[in-house]
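All remarks here apply to the structure that follows.
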Amino acid sequence: MSDPNSVAAARMRVSASAAVTEAFHEPRFSLRWTIARILGTVWTPKKLGILAIILVAPALLIRMITSIYPFLATAWTSFTDSSAYVQNPVFIGLKNYEQVLGNPATQKALIFTITFAIASTILEIVGGFALALLLNAKFRLRSLLRAVVLLPWAIPAIVSALGFRFIFSQGSGILPTMLEYMNIHIDWLTSPLWAQVAVIMANVWRSVPFIAFVVLAGLQGVPDELYEAAKVDGAGWWRVHSQIVLPLVMPLMITMGVFMIIFQIGTFDTIYGMTGGGPGSATQVLPYLAYQDAFIGLNYGRSSALSMILFLLVLAVGVCALGRFRKFEVEL
Amino acid sequence: MRSRFTKIVPYIGLVAFLIIFGIPVYWILLSSVLPPNQNLSSPPTLFTLHPTLQSFERALQQGPGIEYLRNSLIFALSSSLASVFLAFFAAYAFARLKFRGSGALMLLLLLTMALPQIATTIPLFQLYAKLGLVDTVGGLVLLEASVLVPMTAWLMVSFIKQIPADLENAAYIDGANFVQTIQLIVMPLMRPAFITMFLLNFITSWNELFYPLVFSSSSASRTLTVGLVQLNQENSGAAARPWDLMSAYAAIMIIPIIILVALMQRRIIAGLTAGATK
């Protein structure tokens, strides 16, 4: 018993039980007292625990009911044969996953989901950096540009998706008509490859502004002295930006990139509005496939398996990027 | 030579990005003021000297357009209001009342953002069917507010931390209680943050398609986004699509956003970047 650890543990036990006893005999530890404190008639800065829980509870509760519980239920459903036609779903192990992953349509959708997310993200980061540099420069009409650049992000994704469907469409679309003048003929939405390019372009158009403004905020954090010192040393515009500015905002852009990959794995609106997964299944993505399985095919088990694969994809990206997220834990 | 070159470059970029980002939006707006027969003509119409509000009249006076607009407004306003308040209370606890497990709880709240929307939808639908919340605006508001809470709370924490805690301490010392301190000291100082978060959340929920698409089945709760999708599917033959109605719906959705962006540009950008650069 002379081991200091066990002494400390014993002490902790004693103080813990003392706290419990105290709590029960504390005259103010009653419902009335709690209510009084919520209403604000009693204030004791030392005992904030209950107040904190009361403040956090609504937010946490709403997330539990509309997110955590349904997610766990989906995880369970993915192991059952649940569908609109089955009265009492039973556990069928990994059958849904086998069925789904063995299906070439899912494999194709899985590959395009990943391609879509990564290609979009790379283009967004590059375009966002360029746009941020422009927005950081001093010139007239800059605030007009800021407002116009904000629009693609701010208008509904489904509106821009349908808009792009028409912009890319043959005959009446602006883009094919313009390219026609240059003697370039591309069947944007009817050729599988070009349809994939088109949805990625539309998605990048929508997301570049967000990246640009975040990078711009990062650029504004670069002290002016750095630019001046570099200029004094004879570095030109290109050298300053490739060797000083870019490395400085790189960590920010990588973090944003991880976020964008995760968000874009869940892409729905753009695909749904622009191509509906077509032509054929060239632009099919997992979220839309899962949606179709659930609400058109009414096969809940299979749709849930697809959703879980989608989640595992997000998880994989998240785990790979965990090092980058340590920043948040420090912030908390 | 060099200095002239560097002066011109921004303007080339300006024109390029104005075209890339501005033209599609302009084109959608233009389509909505064209008479129906000029919509989607080939070659495309690029401007008009005779704008008409015909398609807006048709969208709002015939059919369920006005109900969709009402639903969209109620949905977006209440979701953003509810999320801002829920998130503020939670964020206050996280920022000021350090309690055991507060870091873990905040992390949990944030991690729920990574759960794909579709991965929660089937059980939610079954739950909503039991509770009779399918096809109600209230049910949709609950879902959307919930989706908005984690990000809002996270940003709010940093906004609250910017307020010096001494102000609150001074209030307590002067005999104010918790509710008074929140009401009289914290809330007024948080007003810019509230407005910013409300704006961002309003835009997000105004644009929401997925939940109304799944949970709405009549004009009792359908929003404009779903109305637009429906018009698009109404007649699958391309020529039979009601282009004029679609462009009017799109314009009705875009115009409030343009006004918000024009008036509140700075606040929106500040909110957008607050999370990434704090």
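What is the number of the single condition among (1) surrounded by 16 or more Cβ atoms within 10 Å (Cβ to Cβ); (2) under 20 Å from the mean Cα position of the chain (by Cα); (3) in contact (Cβ under 8 Å) with a residue 60 or more places away in the chain that A:Ala195 does not meet?
Result: A:Ala195 passes all but (2).
Say we look at segment B:120-157 and pick out the residues that are more than 8 Å from chain A (Cβ to nearest Cβ), among the small types (Gly, Ala, Ser) and part of a helix (DSSP H, G or I); which of these is surrounded by the most Cβ atoms within 10 Å (Cβ to Cβ)?
Filtering segment B:120-157 for residues that are more than 8 Å from chain A (Cβ to nearest Cβ), among the small types (Gly, Ala, Ser) and part of a helix (DSSP H, G or I), the one surrounded by the most Cβ atoms within 10 Å (Cβ to Cβ) comes out as B:Gly139.
Could you say whether any residue in segment B:270-278 is within 14 Å of the chain's Cα centre (by Cα) and part of a helix (DSSP H, G or I)? Walk me through it before giving the result.
First, the residues of segment B:270-278 that are within 14 Å of the chain's Cα centre (by Cα): B:271-272.
Next cut, part of a helix (DSSP H, G or I) only: B:271-272.
Yes, because at least one residue in segment B:270-278 is within 14 Å of the chain's Cα centre (by Cα) and part of a helix (DSSP H, G or I).
Could you grab me the full set of residues in segment A:198-225 that are outside any helix (DSSP H, G or I) and either of a type in the set (Lys, Arg) or surrounded by 13 or more Cβ atoms within 10 Å (Cβ to Cβ) (or both)?
A:Val222
If you check B:Val137 against the conditions, is it assigned by TED's automatic domain parsing to the domain that holds B:Ser80 and touching a residue at least 40 places away in the same chain (Cβ under 8 Å)?
Criteria met by B:Val137.
Against the condition modelled with pLDDT under 80 and either outside the structural domain of B:Met187 (by TED's automatic domain parsing) or part of a loop (DSSP other than H, G, I, E, B) (or both), how does B:Pro43 come out, does it pass? Break it down into steps so the answer makes sense when it comes.
Details: modelled with pLDDT under 80: yes; either outside the structural domain of B:Met187 (by TED's automatic domain parsing) or part of a loop (DSSP other than H, G, I, E, B) (or both): yes.
Yes: the conditions hold for B:Pro43.
Which of the residues that make up segment B:83-119 are more than 8 Å from chain A (Cβ to nearest Cβ), of a type in the set (A, V, I, L, M) and either touching a residue at least 60 places away in the same chain (Cβ under 8 Å) or touching a strand residue (DSSP E or B) at 6+ places or on another chain (Cβ under 9 Å) (or both)?
Across segment B:83-119, the qualifying residues are B:Val84, B:Ala91, B:Ala95.
Cβ-Cβ under 7 Å, sequence separation 6+ or interchain: first residue in segment B:152-168 and closer than 21 Å to B:Leu111 by Cβ, partner buried (at least 20 other Cβ atoms within 10 Å of the Cβ) and β-branched (Val, Ile, Thr). Which pairs?
B:Thr152/B:Val84
Starting from segment B:195-207, take each residue that is surrounded by fewer than 24 Cβ atoms within 10 Å (Cβ to Cβ) and list its partners that are not in a helix (DSSP H, G or I), counting only C-beta distances under 7 angstrom and pairs at least six apart or across chains.
Final answer for the pair search is B:Asn207/A:Pro156.
Grab the helices (runs of 4 or more DSSP H) fully contained in segment A:98-176, keeping just those with 2 or more residues being surrounded by fewer than 16 Cβ atoms within 10 Å (Cβ to Cβ) and touching a residue at least 40 places away in the same chain (Cβ under 8 Å).
Output list reads A:104-136.
Restricting to segment B:176-207, and then to whatever is at the interface with chain A (Cβ under 9 Å from one of its Cβ atoms) and part of a loop (DSSP other than H, G, I, E, B), can you tell me which residue is farthest from B:Ala91 (Cα to Cα)?
The qualifying residue farthest from B:Ala91 (Cα to Cα) is B:Asn207.
Filter segment B:80-119 down to the residues that are in a loop (DSSP other than H, G, I, E, B) and surrounded by fewer than 20 Cβ atoms within 10 Å (Cβ to Cβ) and list them by number. Before you say what the answer is, go through the steps one by one.
Pass one, segment B:80-119, residues in a loop (DSSP other than H, G, I, E, B): B:97-101, B:115-116.
B:Leu97, B:Lys98, B:Phe99, B:Arg100, B:Gly101, listed by residue number.
Within segment A:226-241, is there a residue that is buried (at least 22 other Cβ atoms within 10 Å of the Cβ), in a helix (DSSP H, G or I) and not hydroxyl-bearing (Ser, Thr, Tyr)?
Filtering segment A:226-241 for residues buried (at least 22 other Cβ atoms within 10 Å of the Cβ) gives none.
Checked segment A:226-241: no residue is buried (at least 22 other Cβ atoms within 10 Å of the Cβ), in a helix (DSSP H, G or I) and not hydroxyl-bearing (Ser, Thr, Tyr).
Quick one: B:Asp244 ticks every box in (1) surrounded by 15 or more Cβ atoms within 10 Å (Cβ to Cβ); (2) farther than 26 Å from A:Ile271 by Cβ bar one, so which box is it?
(2)
Here's a check for you: in segment B:8-19, which residue that is of a type in the set (A, V, I, L, M) and at the interface with another protein chain (Cβ under 7 Å from one of its Cβ atoms) is surrounded by the fewest Cβ atoms within 10 Å (Cβ to Cβ)?
B:Leu18
Being over 30 Å from A:Ser143 (Cβ atoms) and either surrounded by 20 or more Cβ atoms within 10 Å (Cβ to Cβ) or modelled with pLDDT of 90 or more (or both) narrows it down to one of B:Glu67, B:Glu57, so name that one. Lay out the reasoning, then the answer.
Values: B:Glu57 fails: either surrounded by 20 or more Cβ atoms within 10 Å (Cβ to Cβ) or modelled with pLDDT of 90 or more (or both).
Result of the check over B:Glu67, B:Glu57: B:Glu67.
With respect to A:Ala57, is the statement that it is in a helix (DSSP H, G or I), at pLDDT below 95 and surrounded by fewer than 16 Cβ atoms within 10 Å (Cβ to Cβ) true? Before you say what the answer is, go through the steps one by one.
Values: in a helix (DSSP H, G or I): yes; at pLDDT below 95: yes; surrounded by fewer than 16 Cβ atoms within 10 Å (Cβ to Cβ): yes.
Yes: the conditions hold for A:Ala57.
The values are calculated or read from the model by the stated rules, or taken from the named source; none is laboratory data. None of the values given here were measured: they were computed from a predicted structure. Virtual Cβ from ideal backbone geometry, glycine too; neighbours counted across all protein chains shown.
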